[in-house]
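Q: Below: one structure in structure tokens.
Read-outs throughout are calculated quantities, based only on the coordinates presented, and are distinct from any laboratory measurement. All figures in this text were calculated on a predicted structure; none of them were measured in a lab. When we count neighbours, we look across all protein chains shown, and the Cβ atoms used for this are built from the backbone with ideal geometry, even at glycine.
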Amino acid sequence: MSLKYGVLGLLTGEPLHGYEVKNRFEAMLGGTWEVNIGQIYTTLQRLERDGLVRPAGPRGDRGKQTYELSAEGRQALEHWLAEPDSGPQTLHEDIYVKLLLATRIANGDLQPLLARQKRAYLQRLRDLNRLEERARRDGRIDLARLVRGALLHTEADLKWIDELSSGRTTETEAPR
Amino acid sequence: MNELVRMVDVTKVYQGGITGALNGVSLSVDSGEFTAIMGPSGSGKSTMLNLIAGLDRPTSGAVTVGGTDLARLGETGLARFRRDHVGFVFQFFYLLPNLTALENVLIPSQLKGTSATVRARDLMHTLGIADIADRFPARLSGGQQQRVAIARALINRPTLLLADEPTGALDTHSGEQVMDLLGQLNRDGQTILLVTHDAKLATRYAARVLSVVDGEIVDDARLETAERAAAEIIRVRGEEASR
């Protein structure tokens, strides 16, 4: 639900119309999340329906409607910001399923899979390093923090691959 | 690119079960490369560096640096090879406490019988330590001491700079400064072999990462340096509003 709250958050500053919301949202995310304008309009309509935003004045030129945050919207946003992320961890990358399948087929030999994955993680680490440098150079400390989080995650992924490669967690027999 | 370092089927056996043995390592490094050697402690990565530096001899196999087969050199020849061709930076800086920073930097050139005070001062300027030239090591921070050690390693214009965990004894900020300096030296053409256990540092500066496990090179990854758009590197995605 972060798009919804992202839109609410952007509207705390000043009233915005759909394209401004889209542009500011994407700029805030530093290009790591692209949204189409349709999603923004749908989100704004739902927020209006739920009373969290309201139109700020009449439509402007070319029918542009600006929206502002309602008191309920501000409350919902503050509540969301204060809540820790406590849902299940999402492992959405293919490697997790590949690992489980490779344990069952290919006689449980994981080494080729792990070696290729390790290279991919090393490359990702290099790319993330450059992205972090770029963010700092651009004065985007907030974005650099986000990249730093991704870097640490990738370091953990590498450690995991090294642990699997060294056999410490692969010595048990493959399940049936 | 010219091949600068070649190891062919190198083994190193230590008596008494000391870790760090090598088990048939072959490797080629071109001049101008920045290569990181990664692996768990005791995997043999420092042994590789010591053999390339001529600080130690292999049990079998050949180590060639700049066309010179190190096995053909006697102890004197090996010492001369190290002095003229290899700069070594260690985790602990090994500065002589009774010499000033400048005097420490000058040691290798004095062993060579040359006077290099101008170059030493230039190097210290480049490395940002010109103002502490006359201080003794005890009055320098860890980062400053490591930069003095780097200047000392570079004073004889080595063809090869070897660094064994050069940031291991430094805080994060000083470590990054030292690594930035190594990165700059490499951009200026210096060949560098870096032993580290820090994957973030390795991939940030080195375009090639060797993984060493149990005395063998298990992976040799050459990384791309192309600039990528943020969305090709990270996707931040929450769930979109569905109701």
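Q: Filter the cross-link list A:Lys118/B:Lys45; A:Lys98/A:Lys159; A:Lys22/A:Lys98; A:Lys4/B:Lys200; A:Lys98/B:Lys12 down to pairs whose alpha-carbon distance in this structure exceeds 27 Å.
A: A:Lys22/A:Lys98; A:Lys4/B:Lys200; A:Lys98/B:Lys12
Q: Which whole number gives the average count of other chain Cβ atoms within 10 Å of the Cβ atoms across peptide A:126-138?
A: Shielding by partners across A:126-138 averages 4.
Q: Let me ask something additional. Can you tally the net charge around B:Gln144? Count Lys and Arg as +1, Asp and Glu as -1, for every other residue whose Cβ sits under 14 Å from the Cβ of B:Gln144.
A: Neighbourhood net charge equals +1.
Q: Can you give the extra length, in nm with one decimal, that the chain gains between B:Ser41 and B:Val236 once fully stretched, where that is 0.36 nm per residue apart less the Cα-Cα distance?
A: This chain segment gains 66.7 nm when fully extended.
Q: Would you mind calculating the gained length between B:Glu224 and B:Arg187 on full extension (0.36 nm times residue separation, minus the Cα-Cα distance), in nm to one decimal?
A: Stretched out fully, the B:Glu224 to B:Arg187 stretch lengthens by 11.8 nm.
Q: Looking only at the protein assembly as shown, where both bridge partners belong to it, what percent of the DSSP beta bridges are antiparallel (to the nearest 5)?
A: Around 60 percent antiparallel, to the nearest 5.
Q: Starting from the 7 Å offset along Cα-to-Cβ, what nm value, one decimal, do you get for the label separation of A:Asp85 and A:Thr42?
A: 2.2 nm
Q: Beyond 42 Å, what percent of the Cα pairs of the protein assembly as shown remain?
A: In whole percent, the share of Cα-Cα pairs in the protein assembly as shown beyond 42 Å is 32.
Q: Limiting things to C-alpha atoms, what are the Rg and the maximum Cα-Cα separation (Dmax) for chain A, in angstroms?
A: According to the Cα coordinates of chain A, Rg and Dmax are 22.1, 69 Å.
Q: If each DSSP helix of 4+ residues adds -39,500 (n - 2.57) and the sum is divided by the residues in the protein assembly as shown, what number results at 222 nm, nearest 500 deg cm²/dmol?
A: -14000 deg cm²/dmol
Q: Additional query: Treating only the Cβ atoms of Lys and Arg (+1) and Asp and Glu (-1) as charged, compute the dipole magnitude of segment B:1-104 about its Cα centre; round to the nearest 20 debye.
A: 200 debye
Q: Still on this model: Using only atoms on other chains, find how many Cβ atoms lie within 10 Å of each Cβ of peptide A:26-34 and report the average.
A: Neighbouring Cβ atoms belonging to other protein chains average 4 per residue here.
Q: How many Cβ atoms of partner chains, on average, are near each residue of B:199-212 if near means within 10 Å of its Cβ?
A: Counting other chains' Cβ atoms within 10 Å and averaging over B:199-212 gives 5.
Q: To the nearest 10 degrees, how steeply does helix A:37-49 sit against the main Cα axis of chain A, on a 0 to 90 scale?
A: 60 degrees
Q: Using per-residue counts of other Cβ atoms within 10 Å, averaged over each peptide, order B:10-16, B:224-230 from highest down.
A: Peptide ranking by packing, descending: B:10-16, B:224-230.
Q: For the Cα atoms of chain A, what angle does the longest principal axis make with the long axis of helix A:94-104, in degrees from 0 to 90, nearest 10?
A: 30 degrees
Q: Now, a different point. What is segment A:94-165's relative contact order, in percent, from Cα pairs under 8 angstrom and six or more apart in sequence?
A: Taking the mean separation of contacting Cα pairs over the length of segment A:94-165, I get 33 percent.
Q: Measure nothing fancy, just the Cα-based angle from helix A:111-137's long axis to the longest principal axis of chain A, in degrees from 0 to 90, nearest 10.
A: Tilt relative to chain A: about 40 degrees.
Q: Also, I was wondering about something else. Put a dot 7 Å past each Cα toward the Cβ at A:Ala27 and A:Asp50; how far apart are the dots in nm?
A: A separation of 2.6 nm, rounded to one decimal place.
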